[in-house]
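Q: Quick one: the structure is below, and I'll ask about it shortly.
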Amino acid sequence: MPLTTGSDILNAARAGGYGVGAFNTNDMEITQAILEAAESTRSPVLIALSEGALKYGGAILPKLVVELARDATVPVAIHLDHGSSYVSCVRALRLGFTSVMIDQSHEEEEVNVRETARVVEAAHAVGVSVEAEIGRLGGVEEHVVVAEEDAILTKPDEAERFMHASGADYLAVAIGTSHGANKGKGRPYVDIERIRAIAARIANPLVMHGASGVPSSLVRRLNEAGGDLADASGIHEDDVRAAVAEGIAKINTDTDLRLAFTARVREVLRDEPKQFDPRKILGPARDEMRAVVEERMRVFGSAGRA
Ligand code: 13P
């Protein structure tokens, strides 16, 4: 079926009180894992490509992702994750993406509004929806490393002002989460009250970045198979459910797929030293990622919504 816009998927999610995953891809196996999980759970989904993914995969990657997504029988949007400029977003429009993120959250509010509005004008002209961000997440945001102490959480009044001025369709909010496999000691903090306060002021779907659960079972397997990930920690699934109940509609997940991939590849290489067929190494990794995505879709509440 034709691709679906981000707004069509996410407005339904916010209205219906469930979340939809935006899973990052970099290659064929990850894309297949995401789409197979969406089909098996009957879940709408966003497939996200970052500028780094587009650089890594070259010209064929977006074509491959769009082609595979068109064969899906569930709603799929193709999304640009953390677009850094107007030019980057226009390129994604040309590639057939149905959702773009313009991330100018590191700029002054005035610049963020102006650049987001430019992208909104271009994207809306061709029926594509736009994600923007205000506030700052901790951790690594693509190339920008934001020190934890500099992380600025999204203010509800600023969110309302920003959405009116920019015309963006959905908003990434800084609520304590961060990208990567180390989100803080113990149970990382998610500012549920802040989500509620923002959602009370704007009806747009809200976006949670840095939402991976970093399952301890996967980290243990990865380490037992020769990896070395210390202090890994993620967002508790009850906190994800609470965030969705308050207005989070789009939930970004990348790290959990990376962990699943690496754990399984390491296990196969450890357990089958004579194996050198890439299909016998990457195939099991794809199955492992599919299982992780299926589980996330059940936690978010998107399973059965397509
Ligand atoms: P994780 O690192 O928690 O998977 O977050 C990914 C993300 O937010 C991509 O934009």
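Q: For region 50-65: of the residues being surrounded by fewer than 18 Cβ atoms within 10 Å (Cβ to Cβ) and not aromatic (Phe, Trp, Tyr), which is nearest to VAL128 (Cα to Cα)?
A: Once the filter is applied, the top-ranked residue is LYS63.
Q: Name the residue that is nearest to the chain's Cα centre (by Cα), counting only residues in region 100-140 that are farther than 20 Å from ARG161 by Cα and part of a strand (DSSP E or B).
A: VAL100
Q: When region 171-213 is examined, which residues are found to be in contact with a His (Cβ under 6 Å, 6 or more places away or on another chain), without any contact (Cβ under 8 Å) to a residue 60 or more places away in the chain and surrounded by 21 or more Cβ atoms within 10 Å (Cβ to Cβ)?
A: none
Q: Another one. Only one of (1) part of a helix (DSSP H, G or I); (2) hydroxyl-bearing (Ser, Thr, Tyr); (3) over 20 Å from SER212 (Cβ atoms) fails for THR73. Which number is that?
A: (1)
Q: Kindly check whether there is at least one residue in region 141-161 that is buried (at least 20 other Cβ atoms within 10 Å of the Cβ), modelled with pLDDT of 95 or more and not in a loop (DSSP other than H, G, I, E, B).
A: Taking every residue of region 141-161 in turn, at least one turns out to be buried (at least 20 other Cβ atoms within 10 Å of the Cβ), modelled with pLDDT of 95 or more and not in a loop (DSSP other than H, G, I, E, B).
Q: Give the residues of region 248-283 that are of a type in the set (Lys, Arg), away from the ligand (no atom under 16 Å from the Cβ) and part of a helix (DSSP H, G or I), sorted by residue number.
A: The answer is ARG264, ARG266, ARG270, ARG279, LYS280.
Q: What about ILE198, is it part of a helix (DSSP H, G or I) and touching an Asp or Glu at 6+ places or on another chain (Cβ under 9 Å)?
A: Yes; evaluated as a whole, the condition is true for this residue.
Q: Could you say whether any residue in region 28-40 is assigned to a loop (DSSP other than H, G, I, E, B), more than 14 Å from the ligand (Cβ to nearest atom), of a type outside the set (Ser, Thr, Tyr) and surrounded by fewer than 20 Cβ atoms within 10 Å (Cβ to Cβ)?
A: No: zero hits.
Q: Pull out all pairs, ordered by first then second residue, where Cβ-Cβ is under 6 Å, the residues are six or more apart or on different chains, the first lies in region 67-87 and is farther than 22 Å from PRO2 by Cβ, and the second is crowded, with 20+ Cβ neighbours inside 10 Å.
A: HIS82/SER50; HIS82/MET101; HIS82/ASP103; GLY83/CYS89; GLY83/VAL100; GLY83/MET101; GLY83/ILE102; TYR86/VAL119
Q: Considering only region 230-246, I want to know if a residue exists there that is over 20 Å from the mean Cα position of the chain (by Cα) and on the phi < 0 side of the Ramachandran plot.
A: For region 230-246, residues over 20 Å from the mean Cα position of the chain (by Cα) and on the phi < 0 side of the Ramachandran plot: present.
Q: Mind listing whichever residues of region 1-13 are surrounded by fewer than 20 Cβ atoms within 10 Å (Cβ to Cβ) and in a helix (DSSP H, G or I)?
A: Scanning region 1-13 gives ASP8, ASN11, ALA12.
The rows are residues; the columns are (1) over 18 Å from GLY21 (Cα atoms); (2) within 18 Å of the chain's Cα centre (by Cα); (3) at pLDDT 95 or above.
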{"position": "VAL268", "(1), (2), (3)": "yes, no, yes"}
{"position": "PHE276", "(1), (2), (3)": "yes, no, yes"}
{"position": "ILE281", "(1), (2), (3)": "yes, no, yes"}
{"position": "PRO284", "(1), (2), (3)": "yes, no, yes"}
{"position": "MET289", "(1), (2), (3)": "no, yes, yes"}
{"position": "GLU295", "(1), (2), (3)": "no, yes, yes"}
{"position": "PHE300", "(1), (2), (3)": "no, yes, yes"}
{"position": "ARG305", "(1), (2), (3)": "no, no, yes"}
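Q: Between ASP256, ASP238, ASP231, which is farther than 27 Å from MET163 by Cβ, acidic (Asp, Glu) and crowded, with 22+ Cβ neighbours inside 10 Å?
A: Of ASP256, ASP238, ASP231, the one residue that is farther than 27 Å from MET163 by Cβ, acidic (Asp, Glu) and crowded, with 22+ Cβ neighbours inside 10 Å is ASP256.
Q: Which condition from (1) more than 20 Å from ARG286 (Cα to Cα); (2) in contact with a Ser or Thr (Cβ under 7 Å, 6 or more places away or on another chain) is the one that ILE47 breaks?
A: Only one criterion in (1) more than 20 Å from ARG286 (Cα to Cα); (2) in contact with a Ser or Thr (Cβ under 7 Å, 6 or more places away or on another chain) is unmet by ILE47, namely (1).
Q: Okay, next question. Please find, within region 265-304, the residue that is farthest from SER178 (Cα to Cα) out of those that are of a type in the set (Lys, Arg) and free of Cβ contacts under 8 Å to residues at least 40 places away in the same chain.
A: LYS274
Q: Determine if region 14-26 includes at least one residue that is over 21 Å from VAL299 (Cβ atoms), in contact (Cβ under 8 Å) with a residue 24 or more places away in the chain, under 14 Å from the mean Cα position of the chain (by Cα) and surrounded by fewer than 24 Cβ atoms within 10 Å (Cβ to Cβ).
A: yes
The values are calculated or read from the model by the stated rules, or taken from the named source; none is laboratory data. Because the structure is a prediction, the values reported are computed rather than measured. Because the Cβ atoms are built from the backbone with ideal geometry, glycine has one as well, and the counts that use them run over all protein chains shown.
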